[in-house]
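Only the coordinates and a few stated rules stand behind these numbers; no lab work does. Computed from a prediction, not measured in an experiment: that's the story for all the values here. Every residue, glycine as well, gets a Cβ built from its backbone with ideal geometry; the counts of neighbours run over all protein chains shown.
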Amino acid sequence: MVPAHRGTALSDLGLRQEFPLLAARPELHFLDTAASAQKPRVVLEAEREFYSERYANIHRGAYSLSVEATDAYEGARARVATFLNAAPREVVFVRGATEAINLVAHSFPGGWREGDEIVLTEMEHHANIVPWQLAAQRSGLVIRVVPVTQDGRLELEALDRILGPRTRLVAVGHISNALGTLNPVEQIIRRAREVGAMVLVDGAQSVPGRKVDLAELDPDFFVFSGHKTYGPTGIGVLVGRNDVLPKMPPYQGGGDMIAKVSFEGTTFKLPPGRFEAGTPNIAGAVGLARALDFLEEIGLDKIEAHETALAKEARSRLLRLGGVTVYGPEDVQSGIVSFNVAGVHPHDMATVLDQQGVAIRAGHHCCQPLWHRYGVPGSARASFGLYNTMADVEALIEGVQVAQRLFA
Amino acid sequence: MSLSELYQDVILDHNRRPRRYGQPGEDYASAEGTNPLCGDSVTVFVRTEDDRIADIRFVGSGCAISTASASLMAEAVAGKTVAEAMALFQHVHDAAMGAAEPDEAMLGEVAAICGVREFPARVKCATLAWHTLKEAIAEAGK
């Protein structure tokens, strides 16, 4: 382990060398993990090992190699299930959180009826807005929106007013990718249940950085992406409760999702197979499972404490510079810090920081309605992952000062 | 490639005090350009007399590069014929993309925005206003 920095025990988990890209670019301060995380050696190795030693198509088990590949894929499903405290039959592999949400919007249990209401929040990612808008256009649904307070929290009183007998679904981000806010999803689920509505929780930003227990939380749907969870791109997960998924029609048709096909009529597999048409991203699932092992080996509580500590330090030091607005709640709850510097557009900030070797996200972060609410076009966002250290915070602060001097 | 090549004094000045900024009266043709990737938007207003850009204004929100580019463009093409403006657009486009060496004599102050050629992620910021100008001129010709 690298020695602790500046007296903060958790300011360096000593994991940078486990990431080949970061090891090869010692000057890079990568602060865009919320967009996509870098990949640890063990994940790259797991995919390589699977392709070179156990690869064949799955669920076509007339030969032993296919059985081995199937075991690896289904083993990955079981791994996701234990990671989130769900059952394997509740875990559907998809391309990512975006596809998971589109799947639910398309195949909503019981189907949509005209006038059904879907409740979203003002801080949702476009991936948790646009699929619902498309469903609304097709089926005459009404979308209602929970507003966000000035300090970046949901207005829960407004949720109480919005929820009603017509509410079929509440879809909410667990942690806001733009603000870093940890939303009170337990309360939201409880209130939605009182009016008989279902809840989808978008865990794209929570799964990589904190312990999530779905048996305890008990949402109807939960989604996340592999690539933000230190796993491969093109793999993600929909978890649907075991009493909900069987009520849903298929999303895409094709091979592997059927029980029996004839031109008179086709019957479908039970979930999760029903929702996995065609050959899935088998190696991606294997890589994701290895990424989840990696996170558990480090410890989710440790990761959460580490990332939050870095974000907290970045937040308070940004504010001390003066002329900086930081969005999101004062009590930092994740590794995300979103800010604007007076007189410096976020894109110019990103370019100046890039020249100092600091990679941040700038712009609307796929949350245009949120920034409309704040009356700005977007923000600069630094997001911390498990490989970041206090040296990255230092570099961020120094870079912001360079921008302040340049645009003074 | 250095920050001072991208953020030249001319750019910083036009970003701080954009020229020809503001919404004019009804007798202007206009077009809106947006960059969906970053959310930048600019609306260019032109009033043509015969084949000449008699006046040009713009409004919008964007980074220093896109704001300065719009401001420099408005100053440069005001009073020019449409053909001259389009020739300038073509050259700015090519120079910003790195497909041509900037012709300082032709560009004047506008040459400053060609600093983006070393910053591929920012080329669209520099060219947004120019593409929008082309559309506004097309509107004026309708």
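Using the Kyte-Doolittle scale, which helices in chain B average at least 0.0 and also have C-alpha atoms spread 15 Å or more along the helix axis, with helices defined as whole DSSP H runs?
TM-like helix candidates: B:64-77, B:82-97, B:123-140.
Using label points projected 7 Å from each Cα along Cα→Cβ, tell me how many nm separate A:Leu134 and A:Asp256, to one decimal.
2.1
Could you compute the net charge surrounding B:Gly108? Neighbours are other residues with a C-beta less than 14 Å from the C-beta of B:Gly108; K and R count +1, D and E count -1.
-3
How high is the FRET efficiency from A:Ala342 to A:Leu21, r the C-beta distance, R0 35 Å, rounded to 0.05?
Rounded to the nearest 0.05, the efficiency is 0.55.
Suppose R0 equals 25 Å. What FRET efficiency, 1/(1 + (r/R0)^6) with r the Cβ-Cβ distance, do B:Asp51 and B:Ala99 give to the nearest 0.05?
Efficiency at R0 = 25 Å is approximately 0.35.
What chymotrypsin sites (Phe, Trp or Tyr not before Pro) in region B:1-108 are in a loop by DSSP, with at most 15 other Cβ atoms within 10 Å of the Cβ?
Sparse-neighbourhood loop chymotrypsin sites (Phe, Trp or Tyr not before Pro): none present.
In chain A, which longest range has no chymotrypsin sites (Phe, Trp or Tyr not before Pro) that are both DSSP loop (not H, G, I, E or B) and surrounded by at most 12 other Cβ atoms within 10 Å?
The answer is A:64-262.
Of the listed pairs A:Lys211/A:Lys312; A:Lys228/B:Lys124; B:Lys80/B:Lys124; A:Lys39/A:Lys302; A:Lys211/A:Lys302, which have alpha-carbon separations greater than 21 Å here?
From A:Lys211/A:Lys312; A:Lys228/B:Lys124; B:Lys80/B:Lys124; A:Lys39/A:Lys302; A:Lys211/A:Lys302, over 21 Å: A:Lys228/B:Lys124; B:Lys80/B:Lys124.
Rank these for me by crowding, A:Ile101, A:Ile188, going from fewest to most other beta carbons within 10 Å.
Placing the least packed residue first, the sequence is A:Ile188, A:Ile101.
Cα to Cα, under 24 Å, and not fewer than 8 places away if on the same chain: which lysines meet these conditions relative to A:Lys269?
Partners found: A:Lys247, A:Lys260.
If I model a spin label as a point 7 Å beyond the Cα along the Cα-Cβ vector, how far apart are those points for A:Leu156 and B:Met86 in nm?
Computed distance between label sites A:Leu156 and B:Met86 equals 6.2 nm.
Using r as the Cβ-Cβ distance of A:Arg190 and A:Asp71, and R0 as 45 Å, what FRET efficiency do you calculate, to the nearest 0.05?
That gives a FRET efficiency of 0.70.
Between B:Cys114, B:Cys125, B:Cys38, find the one with the highest GNM mean-square fluctuation for chain B; connect C-alpha pairs within less than 10 Å.
B:Cys38
Give, as a single signed number, the net charge of other residues whose beta carbon lies under 9 Å from the beta carbon of A:Phe19, with Lys and Arg counted +1 and Asp and Glu -1.
+2
How big is chain B by the Kirkwood estimate over distinct Cα pairs, in Å?
About 14.8 Å for chain B.
Helix-only estimate, please: 222 nm mean residue ellipticity of chain A, summing -39500 (n - 2.57) across DSSP H runs of length 4 or more and dividing by its residues, to the nearest 500.
-11000 deg cm²/dmol
Could you state the per residue volume, in Å³, of the convex hull enclosing the Cα atoms of region A:142-281?
137
What span do the alpha-carbon atoms of region A:1-140 cover on each of the three principal axes, reported in whole Å from largest to smallest?
Ordered largest first, region A:1-140 gives principal extents of 60, 51, 27 Å.
Answer rounded, prolate or oblate for region A:331-408, using the Cα gyration tensor with square roots of eigenvalues a ≥ b ≥ c: rounded when a/c is under 1.5, else prolate when a/b is larger than b/c, else oblate. Please report the intermediate quantities before stating the final value.
On the way: a/c = 1.97, a/b = 1.13, b/c = 1.74.
Verdict is oblate for region A:331-408.
Pop a pseudo-label 7 angstrom from the Cα along the beta-carbon direction at both A:His126 and A:Arg41 and give the gap in nm to one decimal.
Label-label distance for A:His126 and A:Arg41, simple model: 3.8 nm.
Kindly provide the pair-distance distribution of region A:248-394 built from C-alpha pairs, with 10 Å bins from 0 and whole-percent values in order of increasing distance.
10, 27, 21, 19, 15, 7, 2, 0
Provide the per-residue ³J(HN,Hα) series for region B:111-120, in order, calculated from phi with Karplus coefficients 6.51, -1.76, 1.60 and θ = phi - 60°, each as a whole number of Hz, with x at glycine and proline positions.
3, 4, 6, 6, x, 5, 4, 8, 10, x
Just checking the output field for A:347-356: average partner chain Cβ neighbours within 10 Å of each residue's Cβ? Present the calculation step by step, with values, prior to reporting the outcome.
On the way: counts 13, 14, 1, 4, 11, 3, 0, 4, 5, 1.
That works out to 6 on average.
Determine the sum of side-chain charges near A:Pro369: Lys and Arg each +1, Asp and Glu each -1, restricted to other residues whose C-beta is under 10 angstrom from that of A:Pro369.
In short, -1.
Normalise the Cα radius of gyration of chain A by 2.2 N^0.38 Å (N = residues in it) and let me know the number.
On the way: Rg = 21.9 Å, N = 408, 2.2 N^0.38 = 21.6 Å.
Output field value: 1.01.
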